[in-house]
Structure formats: C-alpha cells, structure tokens
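No lab work stands behind these numbers, since they all come straight from the coordinates. As the structure is a computational prediction, the values presented were derived from the model and not from experiment. Cβ sites come from the backbone with ideal geometry, for glycine too, and all protein chains shown count toward neighbours.
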Amino acid sequence: MKIHKTSPVILMVDDDPDDYYLTKAALEESGAQTELDLVADGQELLDYLFCRGKFVDAERPSHPSLILLDLNMPVKNGKEALTELKADPDLRQIPVIIYTNSTAAEDIMSSYQLGASSYIPKPASFQSLVEAMGTLSKYWLDIAVLPFMESGQPPPEQPAVS
Amino acid sequence: MNNQAIQHLQERNTLLENILFHIASPILYMDPDFRLILVNKAFAAWAGHRREFFVGKGYFDLYPDPRREAIFKRAVETAERYFALQETFPHTGEDTYWDWTLQPVTDDHGTVTGLILNLTEVTEQKLARQQWRHYRKKLERSNRDLQDFAYTASHDLQEPLRKVRAFGDLLKRRFGKTLQGDGLDFLERMVRAADRMQHLIEALLTYSRITTQAQPFEKVDLNETVAEILSNLESRISETGGRVEVGVLPTIEADPYQMLQLFQNLVANALKFHRNGGPPLVRLWEEPVGETEFQPPPLIPVDEFCRIRVADNGIGFDERHLDRIFAPFQRLHGRSEFDGVGMGLSICQRIVERHQGRITASSIKGEGSTFTVELPRSQPLPDQRRSTT
C-alpha cells in the first residue's frame with residue numbers, strides 16, 4: 001500500500017550526506033514546497049525506482065517528480081544509472097538533473113547525450129546554493145509540468161492553454 | 001723516367017699507403033664486383049683477420065647482406081655516394097655503431113672502377129642519445145605526474161572546502177544572531193579564510209589546466225580576442241573611469257582561450273594597479289621584433305615572432321622585484337591595498353611558455369608598467385598537449 005504524498009518528491013542521488021544536508025537546508029531556506037529523498041548511489045537509485053532490494057516494501061510512490069543525480073559515485077556511477085534509467089520505457093519520462101562537482105566539458109556533453117534534462121554544478125557557497133535550489137524548484141515544480149507531479153501519479157489532464 | 005723521379009714516386013706511394021694504413025677509421029677499397037683490393041689496419045683489426053686474408057675475396061661472400069648488396073650495386077650503377085648513420089657491421093661486432101660512407105671511384109668516362117667503404121664509429125653518440133631519450137622520457141613522465149598531481153590535488157581540495165564554506169554560511173544564517181561576544185566575528189573570519197582558500201585553489205587549478213586542459217593551436221585574430229576582453233571588462237573599465245587604447249594586432253597560431261586569458265589578465269592587472277591620481281590608461285599595440293637579445297627557441301627564427309606591448313600609467317613596480325611578479329602566489333602589495341591571490345602573471349607566463357614565447361616587464365615606480373609578450377606567429381612544433389578531466 002503506497003501512501004499518497006501531497007508535495008512533490010525530489011530524489012537526490014549522492015554518496016555524500018553533507019551535500020544532501022546542505023541541499024535540503026537550501027531547499028528549505030528557498031521556501032520550496034517539496035520533499036527531498038536520498039539514495040546513496042546509482043544502484044540504490046534503480047532499486048528505489050523499481051521497488052526492489054531494500055526498497056521492496058517502501059511505503060511511498062516509486063516515481064519521484066525529479067531526480068538530482070551526482071556523477072561520481074561508488075557502486076554504480078551517475079552515467080551508468082542514467083543510461084539504465086533512460087533505457088526503461090516508463091522511467092525515462094522522469095527528468096534527471098545532473099548535480100555534480102564536475103565542470104568538465106566531457107561530462108556535460110555526455111550527460112546531455114545520455115538524456116539528462118539539465119546540468120547543474122554544485123554551487124560553492126551556501127547563498128548560491130539557496131538561489132540555485134530556489135530557481136530549480138520554482139522552474140521544475142511551479143512552472144514546468146512534470147510526468148509525476150505528486151503521489152507517483154501522472155498529472156491530471158488539463159485543457160491546453162492557448 | 002729518371003731514377004730520381006721513380007724514387008720520388010715510390011716515396012709518395014709509401015707515404016699515401018702509410019696514411020691509409022694507419023688511419024683510425026676502418027677503410028676498404030673494392031672493385032665494382034665487390035672483390036676486396038685493399039683494407040687498412042683498422043679494418044683488419046676490427047674484422048679479426050690479417051690484411052692479406054681479405055685480398056681478392058668478395059665482400060658479400062665474407063659478410064652476406066642482401067640489403068647492403070643492393071645499395072652497393074646501386075652505387076656502382078649511379079656512381080653516387082651513399083651515406084648511412086648508426087648501423088652495425090658483422091665485421092665489427094653487433095655492439096658497436098658506425099656511420100658509413102660508400103664512395104664510388106670513377107674513371108675519365110664516369111664508369112665506376114671501385115668503391116671506398118669508410119666507417120666512423122659513433123657508438124658513444126648512439127648510447128648518449130639513447131640515454132638522453134631515456135632521461136627525456138623520464139622527465140616528461142615526472143612532469144606529467146606533477147601536473148596531474150597539482151590538478152587532482154587542487155580539484156579534490158575544493159570538495160571539503162566547499163563544505164566548510166557552505167556549513168559556515170549555514171551556521172551564520174541560522175545561528176548568527178545567537179552567537180555571543182566575538183562569536184560572529186570569529187565565524188566571519190573563518191568563512192573569509194575559506195573563501196580566500198577557494199580563490200587560491202581556483203587559481204592553482206587554472207594554472208595547472210594550462211597544460212592539462214589545453215586546446216589545440218589554431219589561427220587567432222588577436223583583435224577579436226581583445227574586443228572580447230574589452231567587453232568582458234566593460235564594467236571594470238567604466239568603474240575606474242579608465243580607457244583602453246588598442247592598436248592593430250596580428251593574427252597568430254595559438255590556443256584561443258589561452259590568448260584570452262593572457263591578455264585579459266594583463267589588461268585587468270593594468271586597470272587594477274592604477275594610481276589614485278587619475279583614470280587608468282591602458283594601451284595595447286604590436287611592435288616589430290628587431291635585433292634583440294631575445295634568444296628564440298630552436299626551429300623558430302626571430303622574425304617569426306610578434307611582439308605585443310601592454311602599457312599602463314598605473315602605480316608601476318620596482319624592477320628589483322621583476323622575478324617575483326611572475327612567480328606563483330607572489331604579491332607585491334598588501335591584501336588591504338589590492339585584492340588577489342598573486343597568480344595572474346604566473347598564469348600569463350605559463351601560457352606564453354606553452355606557446356614557445358616570452359613575457360617580460362619593465363616599469364618606473366609611480367609612472368606605469370609595460371608588459372612585453374613575444375609569441376611565434378606560427379607553431380612549428382607539435383604541441384605536447386594532453387587532456388585530463
């Protein structure tokens with residue numbers, strides 16, 4: 001039985017709990033109405049999405065609204081996870097935002113080639129992190145329409161605005 | 001012919017034979033069918049036989065070698081000299097190396113009547129060269145390791161530092177008001193120190209990227225480069241009320257981004273170190289490279305260089321500190337006077353060095369500085385560029 005949540009869920013994939021803590025704090029400071037979940041690497045991400053492994057009995061929707069994916073992680077890195085995710089006909093709809101320390105041109109290009117929706121280098125100061133998270137949540141959760149807005153369900157059909 | 005003439009000829013013959021006999025280089029003379037007619041002492045000694053042993057024998061019967069036989073045959077046909085470097089011969093053993101010449105001897109009609117084979121030992125040179133190559137490889141490898149180390153170290157240092165700054169910020173935001181006494185001041189000092197460290201590491205990264213993340217050389221119109229720089233620095237120029245005058249600049253073969261870095265650093269420096277008296281005036285122009293003390297690197301002649309000057313009317317510096325201004329993390333001024341980590345000119349110098357050029361400076365304290373950049377217009381050498389992430 002899955003519990004319906006009222007706010008959208010952003011899933012962060014990062015092996016660094018400090019970064020999770022800071023990102024969560026920045027989201028709170030920015031006033032964004034969202035939950036931030038954490039998984040530690042690419043393998044856990046796929047387990048989370050497919051409700052298997054340690055997430056087999058998870059009482060939550062399997063599809064987050066948005067994924068913040070680090071690239072450099074143990075077990076299964078960001079690019080490997082992204083490749084697998086984008087190969088799944090169901091999961092490929094979830095926008096994936098690469099959220100990493102790397103600013104290497106090669107990482108940026110290959111991430112977009114693999115289907116990332118955006119690429120954000122982790123900001124250096126907390127202030128810029130708050131601004132980045134504010135903008136990110138405003139754009140993705142308020143302005144954009146996502147395939148899984150809340151409770152893991154597809155968005156209701158709405159009349160097109162001309 | 002009288003006796004005296006005969007005696008004279010004989011003496012002369014003996015003299016020539018003696019010279020040939022005693023010459024230290026192995027020499028032999030053979031007919032156009034490669035039958036040995038004469039070998040000198042050195043040749044016989046290296047081959048391990050008495051001289052008489054060789055006479056009348058075929059060279060390739062003694063030392064079969066199809067490749068050289070073809071060369072010898074061609075020399076007989078064409079009457080052209082053949083020259084080869086650093087080879088081994090069976091008659092000298094495999095552990096010695098020889099430069100050798102095959103000189104055809106012709107008669108009045110141009111027909112080859114004989115061949116002189118002349119060997120010069122170059123074993124020492126060969127070994128020295130091998131050793132030199134070995135050391136060069138080793139040096140290149142250790143340089144590369146050092147660069148990689150600097151890059152990785154500075155890259156990895158950023159990570160924990162980012163946390164220190166971010167949690168410092170967070171602490172200040174959430175608990176700044178509740179900190180007692182000097183608490184907030186201490187916290188701010190910590191955050192400022194971390195900020196500064198961040199700038200230092202970034203500068204170090206930029207410095208190491210000059211070689212580790214370099215782009216290939218291409219044609220760069222420096223007029224376009226400087227136009228971009230002026231637009232990048234627009235706000236700083238207007239803030240200082242300064243003016244930048246740009247002459248016609250050349251197009252050269254270079255790394256476009258590094259040219260931007262180089263001249264932007266120089267112009268930004270010129271704006272930064274201005275005098276309180278008046279607005280900064282920065283001038284850039286190209287000047288012919290005349291006869292100078294400038295020693296160009298090998299393969300690039302002096303007239304292949306262009307010289308660009310960047311002059312300002314700023315505070316200048318004491319020329320005694322000339323060496324220091326290009327050294328990493330060196331600053332001539334207190335941090336309260338001028339901001340910065342002291343890497344700008346080191347980065348400039350490293351970029352210029354990668355382009356086989358030279359950067360120098362001259363100054364009169366209180367009147368201004370002139371930086372002179374000399375760069376090759378084209379890059380003849382393959383660039384030892386590498387890329388890492």
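Out of the DSSP beta bridges found with both residues in the protein assembly as shown, what percent are antiparallel (nearest 5)? Present the calculation step by step, with values, prior to reporting the outcome.
Working: 48 of 68 bridges.
Counting only bridges with both partners in the protein assembly as shown, antiparallel ones make up about 70 percent.
Which of the GluC sites (Glu not before Pro) across segment B:1-107 are loop residues per DSSP, with 14 or fewer other Cβ within 10 Å?
Details: sites: B:Glu11, B:Glu17, B:Glu52, B:Glu69, B:Glu77, B:Glu80, B:Glu87, B:Glu94; in loops: B:Glu80.
Counting only loop positions with at most 14 other Cβ atoms within 10 Å, the GluC sites (Glu not before Pro) in segment B:1-107 are B:Glu80.
Let's see if you can work this out: charge +1 on each Lys and Arg Cβ, -1 on each Asp and Glu Cβ, no other charges. What is the dipole magnitude of segment A:9-143 about its Cα centre, in debye to the nearest 20? Mind dumping the intermediate values first?
Numbers: 10 positive and 23 negative charges, 70 e Å.
With Lys and Arg at +1 and Asp and Glu at -1, about 340 debye.
Going through segment A:1-103, which GluC sites (Glu not before Pro) have at most 13 other Cβ atoms within 10 Å and a DSSP loop state?
On the way: sites: A:Glu28, A:Glu29, A:Glu35, A:Glu44, A:Glu59, A:Glu80, A:Glu84; in loops: A:Glu59.
Passing both the DSSP loop test and the Cβ count: A:Glu59.
Can you tell me the 0 to 90 degree angle between the C-alpha axis of helix B:256-272 and the longest principal axis of chain B, rounded to 10?
Long axis of B:256-272 versus the principal axis of chain B: about 50 degrees.
Modelling each spin label as a point 7 Å along the Cα-to-Cβ direction, I'd like the A:Lys86/B:Ile23 distance in nm, to one decimal.
7.3 nm
Tally the DSSP beta bridges in chain B and give the antiparallel ones as a percent, rounded to 5.
Details: 47 of 51 bridges.
Close to 90 percent.
Given contacts defined as C-alpha pairs under 8 Å and at least six residues apart, what's the relative contact order of segment B:126-213, whole-number percent? Write out the running numbers ahead of the final one.
Working: 38 pairs, mean separation 40.4, N = 88.
That works out to 46 percent.
7 Å from Cα along Cα→Cβ at both A:Gln93 and B:Thr88: what's the point-to-point distance in nm?
Inter-label distance under the simple model: 7.3 nm.
Would you mind ranking B:His321, B:His355 by Cβ crowding within 10 Å, fewest neighbours first?
Values: B:His321 14, B:His355 22.
Ascending number of Cβ neighbours within 10 Å: B:His321, B:His355.
Which of these, B:Ile359, B:Ile351, B:Ile37, has the largest mean-square fluctuation under a Gaussian network model of chain B (Cα springs below 10 Å)?
B:Ile37
Relative to the longest principal axis of chain B, what angle (0 to 90°, nearest 10) does the C-alpha long axis of helix B:3-22 take?
40 degrees
Show the residues, 5+ positions off or on another chain, whose built amide H is closer than 5 Å to the amide H of B:His355.
The answer is none.
Among A:Val13, A:Thr103, B:Ile116, flag the residue with its Cα farthest along the positive direction of the charge dipole of the protein assembly as shown, charges on Cβ as +1 for Lys/Arg and -1 for Asp/Glu.
Going by the Cα projections, it comes out as B:Ile116.
I need to check one value: relative contact order of chain B, counting alpha carbon pairs closer than 8 Å and at least 6 residues apart, in percent. Walk me through the numbers on the way to the answer.
On the way: 588 pairs, mean separation 42.8, N = 389.
The value is 11 percent.
Among DSSP bridges having both ends in segment B:215-389, what percentage is antiparallel? Round to the nearest 5.
On the way: 24 of 28 bridges.
Percent antiparallel among DSSP bridges in segment B:215-389 is about 85.
For B:Thr251, what residues show an amide H to amide H distance below 5 Å, using hydrogens built from the backbone and excluding near sequence neighbours?
Long-range HN contacts for B:Thr251: B:Leu222.
Show me the ranking of peptides B:221-232, B:366-377 by mean Cβ neighbours inside 10 Å, starting with the highest.
Details: B:221-232: 17.1, B:366-377: 19.8.
Packing proxy ranking, top to bottom: B:366-377, B:221-232.
For B:Tyr97, enumerate residues with amide H under 5 Å from its amide H, sequence gap 5+ or separate chain, H modeled in the peptide plane.
Correct list: B:Val122, B:Thr123.
Apply the Karplus curve 6.51 cos²θ - 1.76 cosθ + 1.60, θ = phi - 60°, to the phi angles in segment B:58-75 and return the couplings in whole Hz, x for Gly and Pro.
3J(HN,Hα) across segment B:58-75, in whole Hz: x, 4, 7, 6, 6, 10, x, 6, x, 5, 6, 4, 4, 5, 4, 5, 5, 4.
Tell me, what ³J(HN,Hα) does each residue in segment B:148-164 have, in order and in whole Hz, if you take phi through Karplus 6.51 cos²θ - 1.76 cosθ + 1.60 with θ = phi - 60° and put x for Gly and Pro?
Result, ordered by residue: 4, 4, 4, 5, 5, 4, 5, 5, 6, 5, 4, 4, x, 5, 4, 5, 4 Hz.
7 Å from Cα along Cα→Cβ at both B:Ser362 and B:Phe175: what's the point-to-point distance in nm?
My value for the distance between the label points is 6.0 nm.
In whole Hz, with x marking every Gly and Pro, tabulate ³J(HN,Hα) for segment B:39-55 from phi via Karplus 6.51 cos²θ - 1.76 cosθ + 1.60, θ = phi - 60°.
These are the phi-based 3J(HN,Hα) values: 10, 8, 4, 4, 5, 4, 5, 5, 7, x, 9, 6, 4, 4, 4, 7, 4 Hz.
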